[in-house]
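Single-structure report; data block below.
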Amino acid sequence: MTNSDRSTDTFSLNLAVRAAAGELRIISIWQALGRYGAKAKRTRVHRDGKKRIDELIVTFESIAPAELSPIVAQLNAEPWVAGVVTTSPREVDRQSLKLLAKPELT
């Protein structure tokens with residue numbers, strides 16, 4: 001398998017977006033997903049009251065990681081976003097989001 005073959009392989013992936021409590025902009029996230037929003041199979045919203053963080057997880061059943069890369073970059077550039085990460089559905093790990101969180105919101 002070549003590197004170019006890997007970029008087109010599709011997987012089940014989660015896109016997790018975190019923001020400070022009350023700052024999660026669901027519509028903005030769906031706008032960033034654009035045409036890939038149609039590939040979403042499940043969504044979950046979670047609030048961590050102790051850490052004052054809101055999180056939206058979008059699960060895609062079959063998508064290439066390369067398709068989500070520009071979306072992750074776009075969302076990470078938003079000032080209201082604390083962190084964005086993609087994982088396999090079995091790897092959803094809130095600590096991985098902490099690693100990508102913007103320092104001012106952790």
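Scanning the stretch 81-101 for residues that are at pLDDT 50 or above and surrounded by 15 or more Cβ atoms within 10 Å (Cβ to Cβ) yields a count of 8. Screening the stretch 32-52 for residues that are in a strand (DSSP E or B) and in contact with a Phe, Trp or Tyr (Cβ under 8 Å, 6 or more places away or on another chain) and picking the one that is nearest to Gln74 (Cα to Cα) gives Ala40.
Does Ile29 qualify as being of a type outside the set (Ser, Thr, Tyr), outside any helix (DSSP H, G or I), surrounded by 13 or more Cβ atoms within 10 Å (Cβ to Cβ) and at pLDDT 90 or above? So Ile29 does not fit the description; no. In the stretch 1-26, the residue that is modelled with the highest pLDDT out of those that are surrounded by 12 or more Cβ atoms within 10 Å (Cβ to Cβ) and polar (S, T, N, Q) is Asn14. The set of residues from the stretch 38-65 being modelled with pLDDT of 90 or more, touching a strand residue (DSSP E or B) at 6+ places or on another chain (Cβ under 7 Å) and farther than 13 Å from Ala16 by Cα comprises Lys39, Lys41, Arg52.
The values are calculated or read from the model by the stated rules, or taken from the named source; none is laboratory data. Note that the structure is a prediction, hence the values are computed from the model and not measured. Here Cβ is always computed from backbone atoms with ideal geometry, including for glycine, and neighbour counts include all displayed protein chains.
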